[in-house]
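Trainee: If you scroll down you'll find the structure; I have some questions about it.
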Amino acid sequence: MRTSILTVAVTILSVTAILIGCDNTGDYSKKESEPVKLDSASMVRRGEYLVTVGVCDDCHSPKTMGPKGPEIDMERRLSGYPSSRPLPKFDTVMANKGITQFNEDFTAYAGPWGVSFSANLTGDATGAGSWPLQKFIYAIRNGKFKGDPNGRDLLPPMPWFNFKLMTDEDLASIHAYLKTLKPVENVPPAPKSFSQL
């Protein structure tokens with residue numbers, strides 16, 4: 001009896017401590033803190049780190065098959081779905097049931113919304129790295145392609161609703177890093193309905 005009362009008391013205290021210690025407001029972008037002042041080189045390094053841990057390559061980089069599976073095609077890194085590639089085929093029945101499908105290198109996706117293609121993130125005129133910083137930040141904060149308030153929405157699987165929680169300094173660092181990448185001219189297809197494939 002004594003052991004069970006002690007177990008219940010410890011459990012209640014542990015849960016209370018966890019709940020008090022957690023910030024469950026979900027609004028991480030408005031934390032009060034001193035802004036980080038970064039020089040250009042530090043911004044680029046920070047941007048590279050954020051692009052890496054944010055796994056941007058998984059969706060935005062074409063891949064080639066290597067000895068251990070898909071590898072990033074470094075000549076086309078972060079250039080999005082290759083415009084020279086034929087449009088992929090997807091199972092529309094599965095997609096309409098909510099089962100998301102990917103093409104062979106994870107640069108095209110199908111789901112109830114239709115088919116979306118990864119954008120070019122490089123600094124080429126055809127890529128997001130060439131957008132003005134304010135447009136880039138607006139795109140990530142509001143889920144709008146090219147940072148255009150009247151433009152189309154960013155589609156799955158782009159997790160902009162998670163990335164919007166980054167600080168302005170984080171987004172500026174990512175933008176600075178994208179500008180340092182090898183520019184790749186590539187205009188991925190616009191999103192398609194299944195009837196367009």
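Only the coordinates and a few stated rules stand behind these numbers; no lab work does. All of these numbers come straight from a predicted model, not from anything done at the bench. All Cβ positions, glycine included, derive from the backbone under ideal geometry; neighbour counts span all protein chains shown.
Trainee: Any residue at all in the stretch 88-96 that is buried (at least 20 other Cβ atoms within 10 Å of the Cβ), out of contact with any Pro (no Cβ under 7 Å at 6 or more places or on another chain) and over 18 Å from residue 193 (Cβ atoms)?
Mentor: no
Trainee: What pairs can you find where one residue is in the stretch 82-111 and in contact (Cβ under 8 Å) with a residue 12 or more places away in the chain, the other is among the hydroxyl-bearing types (Ser, Thr, Tyr) and in a loop (DSSP other than H, G, I, E, B), and their Cβ atoms are less than 6 Å apart, with a gap of 6+ or different chains?
Mentor: Listed by first residue and then by second, the contacts come to 107/81; 107/118; 108/81; 111/100.
Trainee: Among what's in the stretch 166-190 and is small (Gly, Ala, Ser) and part of a helix (DSSP H, G or I), pick the residue that is surrounded by the most Cβ atoms within 10 Å (Cβ to Cβ).
Mentor: Restricting to residues being small (Gly, Ala, Ser) and part of a helix (DSSP H, G or I), the top hit is 173.
Trainee: I've got another one for you. What single numbered condition from (1) within 24 Å of residue 46 (Cα to Cα); (2) surrounded by fewer than 20 Cβ atoms within 10 Å (Cβ to Cβ) fails to hold for residue 122?
Mentor: So the condition that residue 122 fails would be (2).
Trainee: List, please: which pairs have Cβ atoms under 6 Å, are six or more places apart or on different chains, and start with a residue in the stretch 150-172 that is under 25 Å from residue 113 (Cβ atoms) and end with one that is surrounded by 14 or more Cβ atoms within 10 Å (Cβ to Cβ) and among the small types (Gly, Ala, Ser)?
Mentor: Cβ pairs passing all conditions: 153/143; 154/143; 155/116; 156/111; 160/143.
Trainee: Can we say residue 138 is buried (at least 17 other Cβ atoms within 10 Å of the Cβ), hydroxyl-bearing (Ser, Thr, Tyr), in contact with a strand residue (DSSP E or B) (Cβ under 8 Å, 6 or more places away or on another chain) and free of Cβ contacts under 8 Å to residues at least 12 places away in the same chain?
Mentor: In short, yes.
Trainee: For the stretch 46-88, what are the residues that are touching a Leu at 6+ places or on another chain (Cβ under 8 Å) and closer than 22 Å to residue 125 by Cα?
Mentor: 47, 51, 56, 57, 60, 61, 77, 78, 79, 80
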